[in-house]
1. Which length gain, in nm to one decimal place, applies between Ala142 and Arg195 when the Cα-Cα distance is subtracted from 0.36 nm times their residue separation?
2. For n ≥ 4 DSSP H runs only, could you compute -39500 (n - 2.57) per run for the chain, divide by its residues and tell me the 222 nm figure to the nearest 500?
3. Enumerate the calculated ³J(HN,Hα) couplings along the range 36-42 in order (Karplus 6.51 cos²θ - 1.76 cosθ + 1.60, θ = phi - 60°), each rounded to whole Hz, writing x wherever the residue is Gly or Pro.
4. Charges at C-beta only: +1 for Lys and Arg, -1 for Asp and Glu. How large is the resulting dipole of the chain about its Cα centre, in Debye rounded to 20?
5. Return the sequence-ordered ³J(HN,Hα) values of the range 237-254 in whole Hz as given by the Karplus equation 6.51 cos²θ - 1.76 cosθ + 1.60 applied to θ = phi - 60°, using x for Gly and Pro.
6. Roll a 1.4 angstrom probe over the protein heavy atoms and tell me the percent of accessible area of the range 33-159 that is carbon or sulfur.
7. In the range 173-281, what chymotrypsin sites (Phe, Trp or Tyr not before Pro) fall in a loop by DSSP, with at most 13 other Cβ atoms inside 10 Å?
8. For the chain, report the accessible area per residue in Å² (1.4 Å probe, heavy atoms, rounded to an integer).
Amino acid sequence: MPTPRTTTGPAEASGVSGAPVASVRTELLLLAVAIAGVSLSAPLIAATAAPALAIAFWRNAMAVGALTPVVLFRPRHRAELRGIGRRTALLAVAAGALLAVHFGVWLPSLQMTSVASSTALVTTTPIWTTLLLRLRGHRPPALVWAGTALAFLGVLTLTGVDLSLSPRALAGDGLALAGGVAAAGYVLLGAEVRRTVGTVAYTYICYTTTTVLLLAACLCGGVSLGGYSGETWLKLAVLTIAAQLLGHSLINRVVKGLGPSVTSTAILLETPGAALIAALWLGQEPPAVAYPALAVIMAGLALVIMGGRRDKAQA
């Protein structure tokens, strides 16, 4: 895979596009909507009476169902799908496979280890993103490293360090960590594919791949995919619209312009976002550190953006 310097360029790789300021502001606004969407994920999953893998399957399957008419009846999207090269299509499929791994290992980890531990480990995504960029030949500025570390510190402040030495809990911790690594690969591959492919075409291939793989996992694991109440189906539909179509799809939309570092770091805002939504919707009082943790994560994200701008200026 080409390095970011020869494909996306230093600015995108470190999180800032060379686009006009107004365009960047639009991308950041869309990213904020995306984070709000994915922040609904954990509270909705907690309130949905269905197996974790089944929830993951249906949110992707419903998204594919919603995107199919758009792809079939709009000539532009049909033409784009037909014109995707073999390498780009394989990268989109690989991104979908990594998204399936992310869902497939993280959601079960919530039942094996503490929610705090699972959340802290799965949100290591920006750390792995920065490391993978370094392995691909790009040297993220010091501000990007510092901002990533500061943002992750904000998550640790909110979730705490709650690692257990029991075999089951350690296995759950390992699954959550694998989910964070898989999410980093998903974001990086998405940034690569989105260089030449539109959001609808990419997400259609990605979500279809994820759906097929999660369906296979559900069938192999004997997970029930039906027999739910009307309320559960309604919550699955809301989860699809909020977390999948608005959340993940907008993340796939903005990663082209903002780059993987900013995008993956901003996803850390999902943790305090979910806590605040749970407080408003489920009546779960957020911990006292929720607000300062949010401020720390925002400060870290600001450093990542500043680092990207300096990298652009020096290029």
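The values are calculated or read from the model by the stated rules, or taken from the named source; none is laboratory data. Small disclaimer: the values here were computed from a predicted structure and weren't measured. When we count neighbours, we look across all protein chains shown, and the Cβ atoms used for this are built from the backbone with ideal geometry, even at glycine. Side chains are part of the model used for accessible areas, which takes the heavy atoms of the whole protein and leaves out ligands, DNA and RNA. Shrake-Rupley method; radii C 1.70, N 1.55, O 1.52, S 1.80 Å.
1. Values: separation 53, 0.36 × 53 = 19.08 nm, distance 2.56 nm.
Between Ala142 and Arg195, full extension yields 16.5 nm more.
2. On the way: 16 runs with 238 residues, N = 315.
The helix contribution divided over the chain gives -24500 deg cm²/dmol.
3. 4, x, 6, 5, 6, 4, 4
4. On the way: 21 positive and 10 negative charges, 249 e Å.
Computed charge dipole of the chain: roughly 1200 debye.
5. With the stated coefficients, the range 237-254 comes to 5, 5, 4, 5, 5, 6, 7, 8, 6, 8, x, 5, 5, 5, 4, 5, 6, 8 Hz.
6. Values: 3690 of 5170 Å².
Ligands and nucleic acids excluded, carbon and sulfur reach 71 percent.
7. Details: sites: Tyr186, Tyr202, Tyr204, Tyr207, Tyr228, Trp233, Trp281; in loops: Tyr228.
When the chymotrypsin sites (Phe, Trp or Tyr not before Pro) of the range 173-281 are filtered for loop state and at most 13 Cβ neighbours within 10 Å, nothing remains.
8. Numbers: 13310 Å² over 315 residues.
That works out to 42 Å² for each residue.
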